[in-house]
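Beneath this line is the structure, given in structure tokens, with notes to follow.
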Amino acid sequence: MKKLKNILILMLTFVTGICLAQTGITINADAKLSISGDAIIKIADCDFTNNSFENQFGGTFIFTGTSNQQIGGTSESEFSILEIDNSNGVSLGNNVIINNELILSQGVVNIQDNDLTLSENSDVSGTFSSGNMISADGLGYFIREISTAGTYFFPIGDLTSGADYSPVELDFTSGTFNNASVSVNLSNNKHPDNPSTTDYLNRYWILSSSGISGFSCDMTFEYVSGDIVGNEANIRGAIRKNEGWKNLGQASSNQFSGIYWALGEVTGVNSEYVEIKDLNNNNPEVFYYNGTIFINNLSDVKIKNIEIYNAIGQLVSVESVKNEGHDEISFSNTKGYYLLKINTNKSYFVKQILVN
């Protein structure tokens, strides 16, 4: 099989097993494409179809057409370096993995219902805007694999009604990472569980993580003016947890940010519906979700222990807390309501939880 070197314009047949036609480039199911690390492959005015699961493409692939191009096929494509230099954009017809760098020179990458993954050592670069971003408003996710605390940027937006750029930045200041990843997509609609009738955002982001525990994350979200319904001054960024909306900060100048220790669904909510931590007593935030009691404590208040009582007042257990800022206690007892008496070095306070 011939090895590709230097710069090749993919408008000619140059490797056995690759079928080229005026309408596209197809790698057959039994073909294997081997490309050296310093090769630069420009793909102009045609689609790229990968039907061979064996391929991991080295070199730099540059999509530089004058109309929308597609990366698809029956197999996902795994690139070393992928550059988008097409003002009409590139659409994904299957999952794509980037092992070194995704370069957004110009054009929108529309992932549609597929996943676009940046592996652990890869990054995304470019001058991001509504015409130069990743559209993630379908069922697919933009995924970043991470191995350590740090800042990770997601230059995402949507093409729902025109192109809107609404990126997310996640700054993990602590945590344990084990084969970890973060997945993000969004919707240019009001969140279905947003109770606001006035003053909210017609946009929400869906964030999830895998392999990360005990973390603190400073999150920043940007939105466009067309997302604002009502008065922005009455909107707070909020993350949905335990059937409520937790505060992520005041919305202002088309963005909001806040520190939290879990990922989830995020939007802008009328401030009257957002749980805001009582700054007078400075109590830690405690809530229950899916078999775990979460404790978020960034203050000087220290928790001595947590007494858990059932609905008839019987003491079920006493749990110790490490006071590491973000603690988790496993609790999957019999279904029903429980009271948590949180004893601190200053006083105590009580929270009710529902195990269902």
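The values are calculated or read from the model by the stated rules, or taken from the named source; none is laboratory data. Remember, it's a predicted structure, so these values are computed and weren't measured experimentally. Counting neighbours? That spans all protein chains shown, and the Cβs are built from the backbone with ideal geometry, glycine included.
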For residue 312: the one exception among (1) of a type in the set (Val, Ile, Thr); (2) at pLDDT 85 or above; (3) not assigned by TED's automatic domain parsing to the domain that holds residue 199: (2)
Failed item in (1) outside the structural domain of residue 260 (by TED's automatic domain parsing); (2) crowded, with 19+ Cβ neighbours inside 10 Å, with residue 156 passing the rest: (1)
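Condition check ((1) closer than 17 Å to residue 96 by Cα; (2) among the acidic types (Asp, Glu); (3) at pLDDT below 70) across all residues:
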{"position": "2", "(1), (2), (3)": "no, no, yes"}
{"position": "8", "(1), (2), (3)": "no, no, yes"}
{"position": "21", "(1), (2), (3)": "no, no, yes"}
{"position": "28", "(1), (2), (3)": "no, no, no"}
{"position": "31", "(1), (2), (3)": "no, no, no"}
{"position": "40", "(1), (2), (3)": "no, no, no"}
{"position": "46", "(1), (2), (3)": "no, no, no"}
{"position": "55", "(1), (2), (3)": "yes, no, no"}
Every residue from segment 226-251 that is closer than 20 Å to residue 262 by Cβ and among the charged types (D, E, K, R): 236, 240, 241, 243, 246
Scope segment 81-90; condition surrounded by 19 or more Cβ atoms within 10 Å (Cβ to Cβ) and either assigned to a strand (DSSP E or B) or of a type in the set (Gly, Ala, Ser) (or both); matching residues: 81, 82, 83, 84, 89, 90
Breaking point among (1) exposed (fewer than 12 other Cβ atoms within 10 Å of the Cβ); (2) on the phi > 0 side of the Ramachandran plot; (3) small (Gly, Ala, Ser), for residue 311: (2)
Residue within segment 266-277 that is at pLDDT 80 or above, in a loop (DSSP other than H, G, I, E, B) and not polar (S, T, N, Q) present: no
